[in-house]
Amino acid sequence: PHPWLRNGSRIRLRPPICREFIAFDPDDDRSDWIGRAAESTRTRLRMVLDVVADRGYSIERMTDDHVAMIEALSSLDTMSDTLRARVGDLLTELSVIDYLPEEIDSCAVEGTGVPVVTIGAPVFDAAQRVIAAIVVCPNRTLAVDELHRLGEATRAAADGISRHLR
């Protein structure tokens, strides 16, 4: 179990987390969300949201500091608005957000595997709004084919729940 992920925990939809929620929003909402991110990450966020919408799931990169960054992002609600914005921008700048297809392809060619914390697929309600996500937490390096299988299985599980909500 992850110390930062407890039953009933809530995570604000703050860039760069919760991409699987935002990727399916209308362009104006996506732009507003991206506008809250550090300027240095906005181009990548735009690309990543398109990729997440296309493949149907997000992939959280595993870095040496990923747990510390998630804990810090989760604690931002208790800080002043000014400090929250500064810390959030700094943490976002320190992270590389999601995987683009060519980065996964590069891992396949190099045979290095893909370090993954989580894979998140959206659950849609009857109005086609994202209301939840199915998230798996491999928290390890996956072979590229294993990543694709797990991503597709996660998306299929979320799609199954979505069908029941229609």
Search the structure for amide H atoms under 5 Å from the amide H of A132, placed 1.01 Å from N in the peptide plane, and list their residues when 5 or more places away or on another chain. V123
Could you compute how much accessible surface T82 exposes when probed at 1.4 Å, giving the result in Å² to the nearest 10? 90 Å²
With +1 at each Lys and Arg Cβ and -1 at each Asp and Glu Cβ, the charge dipole magnitude of region 106-166 around its Cα centre, to the nearest 20 debye, comes out at 260 debye
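The values are calculated or read from the model by the stated rules, or taken from the named source; none is laboratory data. Because the structure is predicted, anything quoted here is derived from the model rather than measured. Please note: Cβ atoms are built from the backbone with ideal geometry, for glycine as well, and neighbour counts cover all protein chains shown. The accessibility values were calculated without ligands, DNA or RNA, using every heavy atom of the protein model including side chains. Shrake-Rupley method; radii C 1.70, N 1.55, O 1.52, S 1.80 Å.
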